[in-house]
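To start, the structure itself, in structure tokens.
The values are calculated or read from the model by the stated rules, or taken from the named source; none is laboratory data. None of these values were measured; they are calculated from a predicted model. Heads up, the Cβs are rebuilt from the backbone with ideal geometry, glycines too, and the neighbour counts pull from every protein chain shown. We work out accessible area using only protein heavy atoms, side chains counted, and drop any ligands, DNA or RNA first. Shrake-Rupley method; radii C 1.70, N 1.55, O 1.52, S 1.80 Å.
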Amino acid sequence: MSELPEKPLLEHVYELLETMRKILIVWVGVIASLLVLPAPHLLPSYTPLAFYFMNLTKRVMLSHDEHPITRQLSLTLGLNDSKVILISHGWFDSLTAAVIMSGLIAVTVSTPITLYYIYRFLEPGLYSHEKKIIKKVPIRG
């Protein structure tokens, strides 16, 4: 197999910036989708997916007496009678929390795409035996 010709450093920097731009576009797209798309429920009101996930997180993480998984953890840590209340002082606080939650979900959900773009950037610099090692890594599910 013939080796690719060596590129100047500036061209590698441009490729890195292009890869980072693609990853950022994916993240912003997922964040925008979570802030705009409606949650899958039958209620007549409109609730964005970000707020749906915020309520789900609140229900699972903060209502630890009601959830079977976090209940045992709260008993172990001695939190069995404490109550946590989230306070929002204005509409901007809720929007900020929704954007942060959307960002966390975007990074988590788009990890396979991000890893793909990173691999595509690194692939030309790998030797053939290194590529074989990467492709032979078993995926455990």
Probe 1.4 Å, all protein chains in place: accessible area of V30 in Å², nearest 10? 40 Å²
Considering only Cα-Cα distances, which of the following residue pairs are longer than 29 Å: K22/K131; K22/K58; K58/K136? K22/K58; K58/K136
Does a label point 7 Å from the Cα of R120, set along Cα-to-beta-carbon, have any residues of the range 18-36 with amide nitrogen under 19 Å, and which are they? 18-31
Can you divide the C-alpha Rg of the chain by 2.2 N^0.38 Å and report the result to two decimal places? 1.53
